[in-house]
Amino acid sequence: MRFKILLFTLTFSLSGIAQIKYGSNNGKYLTIRGTKLYYEEYGKGIPLLLLHGGLGSITDFKKCLPNLSKKYKVIAFDAPGLGRSEFADSIMTYKLMADYYSKAIDLLKLDNTYVIGWSDGGNVALFLAKMRPDKIKKIAVSGATYKLEGTTKASLEEINKFSDTVWVS
């Protein structure tokens with residue numbers, strides 16, 4: 001039930017007026033694999049990780065943060081190489097990004113964590129949930145690539161560049 005309320009809040013807060021300014025909450029850095037990952041925390045309660053889409057940043061969630069942080073301890077990361085995070089020294093894949101967040105969960109000592117991911121962040125959330133069933137309680141994913149029906153050959157070639165999984169073409 002709580003997670004349904006979370007999804008309802010997320011959906012309707014996207015069009016809300018209240019926003020939180022990016023960088024306004026004294027963001028912090030975690031060093032993972034030699035790369036500084038920027039993150040911001042808001043609110044108290046069950047940990048909720050927000051994973052943005054490709055070429056995005058925490059600012060993509062600015063309209064959601066006020067409502068989500070009323071009930072959850074929201075932890076929003078800038079993915080490696082995006083926003084205020086440093087570039088990694090290796091090519092980013094969904095599986096590797098999930099490993100970054102898995103290590104972040106351990107460093108932050110999080111348990112029973114919820115995750116919301118959209119687009120590339122949704123793909124990463126799926127990997128993360130599979131990697132860490134001991135820590136991830138629930139996920140909500142939007143815009144993730146989970147099946148290939150209707151995918152063009154050119155799109156499959158692009159997907160293969162960003163994934164550890166080779167999709168059949």
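Hey, can you tell me all the residues within region 45-56 that are surrounded by fewer than 20 Cβ atoms within 10 Å (Cβ to Cβ) and at pLDDT 95 or above?
Restricting attention to region 45-56, the residues satisfying the condition of being surrounded by fewer than 20 Cβ atoms within 10 Å (Cβ to Cβ) are 45-46, 54-56.
Result: 45, 46.
Going by the structure shown, is residue 36 in a strand (DSSP E or B), in contact with a strand residue (DSSP E or B) (Cβ under 7 Å, 6 or more places away or on another chain) and of a type in the set (Lys, Arg)?
Criteria met by residue 36.
Condition first: at pLDDT 95 or above, hydroxyl-bearing (Ser, Thr, Tyr) and touching a Lys or Arg at 6+ places or on another chain (Cβ under 8 Å). Can you find one or more residues in region 114-123 that meet it?
Yes, the conditions are met somewhere in region 114-123.
Got at least one residue in region 64-75 being at pLDDT 90 or above and closer than 18 Å to residue 97 by Cα? So that I can check it myself, show each step before the final result.
Residues of region 64-75 at pLDDT 90 or above: 64-75.
When the remaining residues are screened for being closer than 18 Å to residue 97 by Cα, the result is 75.
Yes, some residue in region 64-75 is at pLDDT 90 or above and closer than 18 Å to residue 97 by Cα.
Any residue in region 64-88 that is within 11 Å of residue 48 (Cβ to Cβ) sitting within a Cβ distance under 7 Å of a residue that is among the basic types (Lys, Arg) and in a loop (DSSP other than H, G, I, E, B)? List the pairs, counting only those 6 or more apart or interchain.
73/44
The values are calculated or read from the model by the stated rules, or taken from the named source; none is laboratory data. Source: prediction; values computed, not measured. In this analysis, Cβ positions are derived from the backbone assuming ideal geometry, glycine residues included, and neighbour counts consider all displayed protein chains.
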